[in-house]
1. Any chance you could check the Cα centroid distance between the range 297-330 and the range 76-145 for me, in angstrom?
2. Just the Cα atoms of the range 334-374, one point each, no solvent: what log10 I(q)/I(0) does Debye give at q = 0.20, 0.32 Å⁻¹?
3. Kirkwood Rh over Cα pairs of the range 8-248 into Stokes-Einstein at 37 °C, 0.692 mPa s: D in µm²/s?
4. Sort 45-56, 13-24 by packing, meaning the average of other beta carbons within 10 Å per residue, with the highest value first.
5. Residues with amide H under 5 Å of I132's amide H, sequence separation 5 or more or different chain, H placed in the peptide plane at 1.01 Å from N; which?
6. Where does the range 35-145 land on Rg/Rh, using Cα atoms and the Kirkwood Rh?
7. Can you work out ³J(HN,Hα) from phi for every residue in the range 207-213, in order, using Karplus 6.51 cos²θ - 1.76 cosθ + 1.60 and θ = phi - 60°, giving whole Hz and x for Gly and Pro?
8. Using the 10 angstrom Cβ neighbour count as an exposure proxy, how do E183, E143 rank, fewest first?
Amino acid sequence: MPALPRGVVSIDLVVPPGTSQRIEDLQTRINLVGSGDWRVVADDGTMEESAMPMQPILGSDERLWVWRHAPFTPTDTLHDAVSLAVQLAAMCQARLAAVGVAGLYSWGFVLVDDFHTLHGLMLLNWLYDPRITARGEPQESREPAEIAAELEAKSRLLPQLWTPQASQTVMSQLPPDALQELESHQALSLLGPGGRFDPRVWQGFALQMVLPLIQALAAYGSSPSASAAPGAGGAAAAAPPLAAGSPPAAPAPVPQTPDDGLTPLARAQLEAQRRSVAGEQQEPPPVVEESVAADAQVTWHEVGDEPVLWVPADRFDSSLLRKLQGGDFDGLCAAERPTMQQQERWSAAGSPFVSEISSFARLFLDGVPLHRQAFEAAAGEEDGCLILCCHLPRVCRVRVVVSRAEDAGSGCRIVVSSNQELAVEQVLRLAGP
């Protein structure tokens, strides 16, 4: 089993399948940016047997550990580790990069591609903590058999707690500005002044975020009509206070609800069950439309026999593209949404899109971010344009078209097409003047 020396600074990475095959190349790059102090090891199938398991959020992805040879000391900061984690997340297109100290199930800095992953990491803190029960209460017994029984009970509850809807609820309770956007990732930093690391901060923060839903679900499961079942405010109050130095959680609003003894989560679940039995369809929530300038609208075009989506540079967003390709069009205003027939045809054609991006650095070739000189060195030429097939991180492989003709003062336009069979002329026509 790959083993980390206890007490060393480490970065836990969840990366796409196949990344471990490039581990020697990755080590070389880490040596260049990390002064040779860091070592990368790939999962040999036994990392989940360590003191820091990552299932179930690991899924079918791969796991890497990057650790620093020098041990962590109380006077250390995690600045260098955080900087390396940001570079590794982009380099490996990681779904998760968490910075901590080996032997402690606690993180000082976390990068995720989606909040759902961060919510899962918070739940793991509860899942593998033998001091907390499946009901979100202190575990009094230290008997191995009872602790194992609680772990099994938690595992059964986890699928009900780790859902996209629950993630949205938890995300809405985050303190303002707790998450920072870093390119295609979201960053959560719980480091103290000067980059100091205190493991209690993550543990307190994670539990305070997830315990209200855990306790509400436990109360509903035990007795929907129990008068002792905590309401939303009671569940939030039962969560342990944040450790010193961590950001305070935003207070949850107290809605006006019927006095039926149920928590909001329990009431919603009961209503969903009632509708399911009755065969009723949930009414969609009201849509608040926002106006979009005409030159920033996404538009649909017919190219050959297929609809192709055009996304202007001002609207390029990898998260939006992933949602659209998954059939979620809520991110578009009414004027931009395709008809049902267009949706079906677009999906059947592989969800082709053409978009303009602002920088070569958004593109990756052989796992490395591009810059203009590297692009020009690797590109071929077609119809007076530079052409290169590479990867648009978090979306798909694309064919990049860059016109050699540059308007004075405006620079070149970088246009990408997910359909690599589209002719240069067709791509440029969709991009417009």
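Read-outs throughout are calculated quantities, based only on the coordinates presented, and are distinct from any laboratory measurement. Remember, predicted model here, so these are calculated numbers, not experimental data. For neighbour counting, all protein chains shown are included, and Cβ atoms are generated from backbone atoms with ideal geometry for every residue, glycine included.
1. 34
2. Cα-only, vacuum Debye calculation for the range 334-374: -0.73, -1.08.
3. On the way: Rh = 18.8 Å.
Translational diffusion coefficient: 175 µm²/s.
4. Values: 45-56: 14.5, 13-24: 16.1.
My ranking of the peptides, most packed first, is 13-24, 45-56.
5. The list, which skips near neighbours in sequence, is Q139.
6. Details: Rg = 15.4 Å, Rh = 15.7 Å.
The Rg/Rh ratio comes out at 0.98.
7. 5, 5, 6, 9, 4, x, 5
8. Details: E183 16, E143 10.
So the ranking, lowest neighbour count to highest, is E143, E183.
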